[in-house]
Every structure is written in C-alpha cells, then in structure tokens.
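The values are calculated or read from the model by the stated rules, or taken from the named source; none is laboratory data. Source: prediction; values computed, not measured. Heads up, the Cβs are rebuilt from the backbone with ideal geometry, glycines too, and the neighbour counts pull from every protein chain shown. Note: accessible area is taken over every heavy atom of the protein model, side chains too, but ligands, DNA and RNA are not part of it. Shrake-Rupley method; radii C 1.70, N 1.55, O 1.52, S 1.80 Å.
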Amino acid sequence: MFLHALATAVPPATYTQPDCWDIVQKSAMRSRLKRRSILIMHSILRSDHGIATRHFALPDIGRVFDLTPDELNHGLRAVAPRLARAALTAALEKAGMGAGELDALLICTCTGYLCPGLTSYVAEELGLRHNAVLHDLVGLGCGAAIPMLRAASHLLAAQPGARVACVAVEVCSAAFYLDDDPGVIISACLFSDGAAATLWSSTPGPSGVRAFDFRSLHLPLDRDKLRFEQRDGKLRNLLHRTVPQLAAGAVGRLWGERGPRPVARVVTHPGGRDVLEAIAPVVAPHSLEASVRTLLNNGNMSSPSVLFALEETLRDSTPGAEGDFWLVSFGAGFSAHSCRLGT
C-alpha cells in the first residue's frame with residue numbers, strides 16, 4: 001500500500017520537565033509519596049533524561065492525579081477526538097483530499113476505553129460517509145501503530161482503490177496514576193499526549209513510498225513487564241526495569257528477520273532514553289537521531305511516537321535506491337512489530 005500523507009498533532013499546552021517538577025512541588029500528591037519516590041521524580045524531571053518538553057491535553061494538569069475515574073474518562077472523551085481530528089485534518093489537507101473521500105478510518109489507542117470508539121466521534125466531526133468502514137484497535141499499547149498499518153494493508157488488498165486513514169492517538173494524561181512503585185513514577189515522568197495520521201491507497205502517492213513486509217513478535221511470558229492494569233477504577237501502568245533490554249531483544253529478533261533488501265534508515269518507537277540506548281547497538285551503524293529528537297520534543301506519546309519519528313525522518317530523506325526505511329515499534333504484550341517503507 002502507498003503513503004499519500006503523514007501529519008501529526010500535539011495539544012497546545014506545553015510543559016518543560018522543570019515545569020512538571022514545579023507541579024509536583026505544589027501538588028497535594030507530594031505528601032502521599034515516600035521520600036524515595038520524590039527523589040526519583042526529581043532525578044528524572046530536573047536532569048537530562050532525553051526529554052525537554054511534553055504536551056498534555058487534559059485541562060488543569062496540576063490536578064490530574066486527584067481526578068476520579070469518571071473525570072478521567074470524561075476528559076478522554078472530550079479531548080481525544082479533537083486531537084485525532086487535528087492530525088487527520090492536516091493529513092487530508094496535505095493530500096488534497098476531503099474527508100468524504102475516505103473509504104475507511106482506523107484508530108488505535110490504549111489510554112482509555114470508549115464504546116463506540118474514537119472512530120465514531122472523528123467520523124461524525126469530519127463528515128465521513130455513513131458507509132465508511134470504521135475500525136478501533138485497542139489493547140496494543142505503544143506498539144499499536146504498525147499493526148494498525150498492517151490491518152489497513154489487508155483492507156486495501158480486499159478493496160483495491162480504497163482510501164484509508166490510520167490515526168494513532170493517545171491521551172496519556174488521562175491514564176496517569178501515581179503511587180510509590182518506581183515504574184509508575186517513571187511512567188508519570190515520561191509520557192505525554194499526541195496524535196499522528198497517515199493516508200493510504202493501493203495506488204502510488206506523490207512520493208511513491210509504499211509500506212510492506214509487516215512482521216510481529218509476541219512474548220506473552222513477559223506480559224506483566226509492560227502493560228496497563230485496573231487499580232481503583234483507573235489505568236495503572238506496569239513498567240518493569242528490564243523493559244529496555246526486552247525492547248532491544250525483541251527489536252533484535254525482528255532485525256534479524258529483515259531479509260536481504262538494504263535498509264537506509266531505522267525508525268524506532270522512542271520509549272525513553274534508556275530504551276534508545278539499548279536499541280542503538282542492535283541496529284548499528286544506523287542512527288536513531290529522529291527518534292531521539294521525537295523523545296526530546298514530545299516525550300513518550302505511546303503509539304503515535306514512531307510515526308512522529310517517521311515524520312522527522314522524512315524531512316531529511318525518503319527511501320529509494322540506497323535502501324528502505326525500517327520501522328519498528330514495541331509495547332504491551334510484550335510485543336514488537338516492524339515494516340518497511342520503500343519504493
């Protein structure tokens with residue numbers, strides 16, 4: 001399938017890591033945490049851990065840890081469609097396409113649950129045809145963008161000539177939870193909100209870039225190392241200290257299966273500084289600079305992050321005679337996914 005447009009969106013509210021530390025200092029949650037937890041937060045938010053700024057869609061972020069489950073879900077329902085719509089509208093403008101021309105809309109998210117899903121809201125707000133196919137993908141975590149693209153490729157194989165939109169959107173601020181578990185603390189210091197939209201068809205777009213060679217790896221024995229659980233009606237992120245090594249191992253296995261076609265650029269989900277440092281030797285000598293910049297400017301946005309990194313990469317070059325772009329993402333499951341972009 002061929003790429004016709006890629007666009008991203010972040011909420012207008014931008015916070016530096018020191019800004020986030022100031023929020024911690026002023027919040028009532030400070031009194032609920034052990035001294036060790038406060039020291040971990042201080043270490044991450046007040047020193048260089050690869051993140052300069054993050055973006056949050058929920059209003060009054062200073063109260064986010066005091067919101068009830070109902071308030072968090074209401075916030076998700078209010079802001080997630082808006083964020084997805086912003087990214088998709090920008091992609092449609094780049095492609096010179098109207099929303100009414102879309103035959104299918106796929107949206108992945110893991111930071112909250114709505115039924116009907118986000119596709120219902122975005123389809124209504126943008127005016128998609130009433131017979132457009134709507135698919136919501138949930139439960140795939142940070143790695144979801146590439147499986148979503150794979151689903152789009154199957155749809156296009158079944159319906160050649162269709163025009164398909166894929167949107168990865170996460171409101172991580174609607175899934176913030178805080179206690180003294182180090183993984184929970186680290187998650188609150190890394191994650192942020194964003195959306196990325198791509199448009200695809202079975203006929204070439206202006207760049208001639210196509211996505212192919214999709215692969216997945218599932219490691220259910222490591223499921224509890226990285227996943228959400230329900231705690232007091234809220235989503236609580238489990239993040240084990242071995243996640244960087246798990247990610248590097250999974251990426252390495254997919255990298256080893258990549259086949260003989262040359263690879264010019266590697267584009268990975270930027271889970272965090274330690275994750276990128278663990279992956280770098282696996283795909284050396286390829287640079288992960290686009291993923292480093294994505295993490296620096298946006299933090300970890302979960303599923304949209306790899307598409308933000310792809311957008312960064314496409315600013316500098318496009319796949320061609322020198323080789324393909326190799327995209328890889330990973331997350332809950334433990335799972336990892338890859339595909340190629342080439343011509």
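Scan segment 271-292 and give yes if some residue there is basic (Lys, Arg), touching a residue at least 40 places away in the same chain (Cβ under 8 Å) and closer than 30 Å to ASP66 by Cβ, otherwise no. There is at least one residue in segment 271-292 that is basic (Lys, Arg), touching a residue at least 40 places away in the same chain (Cβ under 8 Å) and closer than 30 Å to ASP66 by Cβ. When ALA152, ALA104, ALA144, ALA90 are checked against the criterion of being of a type in the set (A, V, I, L, M, F, W, C) and open to solvent by 10 Å² or more (accessible area, probe 1.4 Å), a single residue qualifies: ALA90. Consider segment 107-137 and keep the residues that are in contact with a Lys or Arg (Cβ under 7 Å, 6 or more places away or on another chain) and either in a helix (DSSP H, G or I) or closer than 19 Å to THR89 by Cβ (or both). The one that is most open to solvent (accessible area, probe 1.4 Å) is GLU125. The set of residues in segment 211-222 that are open to solvent by 70 Å² or more (accessible area, probe 1.4 Å) and either assigned to a loop (DSSP other than H, G, I, E, B) or in contact with a Leu (Cβ under 9 Å, 6 or more places away or on another chain) (or both) contains only ARG215. In summary, SER31 fulfils each of the numbered conditions (1) over 16 Å from GLY272 (Cα atoms); (2) surrounded by fewer than 17 Cβ atoms within 10 Å (Cβ to Cβ); (3) hydroxyl-bearing (Ser, Thr, Tyr); (4) touching a residue at least 40 places away in the same chain (Cβ under 8 Å) with the single exception of condition (4). Here LEU72, LEU3 are screened, and the one residue that is in contact with a helix residue (DSSP H, G or I) (Cβ under 7 Å, 6 or more places away or on another chain), open to solvent by less than 50 Å² (accessible area, probe 1.4 Å) and hydrophobic (A, V, I, L, M, F, W, C) is LEU72.
It is to be established whether one or more residues within segment 244-263 are part of a strand (DSSP E or B) and open to solvent by 20 Å² or more (accessible area, probe 1.4 Å). For segment 244-263, residues part of a strand (DSSP E or B) and open to solvent by 20 Å² or more (accessible area, probe 1.4 Å): present.
Per-residue answers, yes or no, for (1) closer than 30 Å to THR16 by Cα; (2) of a type outside the set (Asp, Glu); (3) open to solvent by less than 30 Å² (accessible area, probe 1.4 Å):
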residue	(1), (2), (3)
VAL267	yes, yes, yes
LEU307	yes, yes, yes
GLU322	no, no, no
SER335	no, yes, yes
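Among the residues of segment 287-334, the ones that are over 14 Å from the mean Cα position of the chain (by Cα), under 14 Å from ALA264 (Cα atoms) and not in a helix (DSSP H, G or I) come to 12 in all.
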